[in-house]
Amino acid sequence: PFLWIDVVWHRALPDFDLYYMVVNGQGAVSCPKEDTSLKSITIGSVGTSWITESFISAIAGVKNLSLSAVYSRDSQKAKAFAEKHHAEKYYSDMEAMAQDPSIDAIYIASPNFLHHTQTMQFLKAGKHVICEKPLVLNPWNLDGLRYTEEQTGHRVNNILQLRLPPSIIALKET
């Protein structure tokens, strides 16, 4: 996770005013602008894979972000993942998670073909959404996401973590 927080949170959650976050190679986060008045943001996670583990590691150093809930189709897997990462709640019912008023934003790392449907579900439920790539499988689905963002006032963003790996930087320099 190179600059996930910088790219993702600034656009996806403008209401929370998180500034200049930088994720280094170890997943630690520094915030040059110390501001104790920032609202605390609770995150729900859809998915329990290695990519979710990486995301959780990246946000662990941000004092105003916390993983509060985990979803998996398998209730026991959700419970184990939540316990491992100190999340307060776990779900095997996605709609119940979507309706939980204590969750501010959702991180989606499910199979690719589910991204669009799940993103729409959480936007409509009043959550900001951070989604792994690809955000949608069909470009025409982007119009619906934009419309839903406008109607709900909530934002969706796609994680693009390939901006700063050394190989990409070297490619850009050639």
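Checking residue 136 against (1) touching a strand residue (DSSP E or B) at 6+ places or on another chain (Cβ under 8 Å); (2) open to solvent by less than 30 Å² (accessible area, probe 1.4 Å): exactly one of these is not met. Which one?
The number of the failed condition is (1).
In segment 102-116, is there at least one residue being assigned to a loop (DSSP other than H, G, I, E, B), open to solvent by 10 Å² or more (accessible area, probe 1.4 Å), at pLDDT 90 or above and hydroxyl-bearing (Ser, Thr, Tyr)?
The answer is yes; a qualifying residue exists.
May I ask you to list pairs of residues, at least six apart or on different chains, whose Cβ atoms are under 7 Å apart, with the first in segment 63-74 being over 19 Å from residue 114 (Cα atoms) and the second being surrounded by fewer than 21 Cβ atoms within 10 Å (Cβ to Cβ) and among the small types (Gly, Ala, Ser)?
Qualifying pairs under 7 Å: 64/40; 66/40; 68/102.
Name the single residue, out of those in segment 117-127 being farther than 15 Å from residue 158 by Cα and outside any helix (DSSP H, G or I), that is modelled with the lowest pLDDT.
126
The values are calculated or read from the model by the stated rules, or taken from the named source; none is laboratory data. Owing to the predicted nature of the structure, the values given are computational and were not obtained by experimental measurement. Reconstructed Cβ throughout: ideal geometry from the backbone, glycine too, with neighbour counts over all protein chains shown. Heads up: the accessible areas ignore ligands, DNA and RNA and are worked out on the full protein's heavy atoms, side chains in. Shrake-Rupley method; radii C 1.70, N 1.55, O 1.52, S 1.80 Å.
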